[in-house]
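In what follows, a structure is listed as C-alpha cells, so that the remarks can point back to it.
Each value in this text was obtained by applying a stated rule to the coordinates, not by laboratory testing. Here the structure is a predicted model, which means the values were calculated and not measured. Glycine gets a Cβ as well: all are built from the backbone with ideal geometry, and neighbour counts include every protein chain shown.
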C-alpha cells in the first residue's frame, strides 16, 4: 500500500511538472509567436471540406512537401462586418501557442488583400458527429475512450486559463487510428475567474450561461457530461425544436436515462439508470490592413 501511495504521488508530481512546463511554453508562444511564412501559391487546392460564416475550409496539399492540410480561408470583409476581428486574432494566437496531442495544430498562417488563411493539420477521419450518426450510438468502452481524451485536453486548456465553450461532436475530429483532435477555437477565451458572454451550442449550454449569472471553466465539464450522454444514447439529454425549449429543459435539469439495448448491469452503460429523473447538479487593402495587422 505504501508503494502504491508513493507511485500515485510520483505520478501527480510528474503531471504537475508537465502542466507547469506546458503553461510556460504556451505563454512564451502566445507572447512571441513563431511565424511560418507561407503563401497560397505553395498549396494545391483539392476540395472543400466545409463552409462557415466567414469562409470555407479546403483540403490542400503543400507542393514541396506533399503534406496535406486543412486550409481555413476567412473573408476579411465578413469578419469586420460581423465585428469578429478580435475573436479571429485571438483564435489564431491561441492556436499558435497550444501544443497538446488531442488539440488541433496550426501549421501556417498568412494573408492577402482579401482573405486570412489558417493552415491546420488535416485530420482524415472526419467529425465525430458523422461517425456517431452512422453508428447510432457508441459502446460504453468507446465513449469512455473518447471522453478520457476530451478530459485530458480540457484539463490542459483550463490549466492555461482557457475556456473552450463549444464542445460538441461536430468540433471533435478523429484521426486514422481513432484518437481525437478538438478543433474550432472560435469561442476559446482567456478567463481566470468568471465571464458572461452568451455563446456555444444550445444543447450543450450549462444553466449558468443561459441564466446570465456569469460562469467559469466548469461549463466545459457540463458540456463533457452532455457529450458522454450523447455518445452512449445517440442524442443529447436536452433537445427540442426551438432553442428556448431546450434552454427551459436545461434549467429545469431533469434527465431521463437513455434507452440502451442489451444492458446487463454496471459496466455496460446501465449505470446511467441511476440518473433517471434526477435533477442535475447543476480592393480594400488599406481598409483591412489596420484591423488585421497582427495576423
- Report the normalised scattering of the stretch 28-180 as log10 I(q)/I(0) at q = 0.09, 0.15, 0.16 Å⁻¹, calculated by the Debye formula with identical scatterers on the alpha carbons. -0.32, -0.91, -1.03
- Query: If the label point is 7 Å along Cα→Cβ of residue 30, which residues in the stretch 74-110 have backbone nitrogen under 18 Å from it?
  - Reply: 86-101, 103-106
- If the label point is 7 Å along Cα→Cβ of residue 49, which residues in the stretch 148-184 have backbone nitrogen under 17 Å from it? 168-184
- Message: Quick check: Cα centre of the stretch 103-180 to Cα centre of the stretch 8-65, how many Å?
- Response: 12 Å
- Here, residue 189 and residue 13, labelled 7 Å along Cα→Cβ, have an inter-label distance in nm of 3.9 nm
- Determine how many Å³ per residue the convex hull of the Cα atoms of the stretch 24-103 encloses. 125 Å³
- Message: Run the numbers for residue 241 and residue 198: contour at 0.36 nm per residue of separation, minus the present Cα-Cα distance, in nm.
- Response: 13.5 nm
- The extension gain from residue 145 to residue 63, computed as 0.36 nm times the residue separation minus the Cα-Cα distance, is 25.9 nm
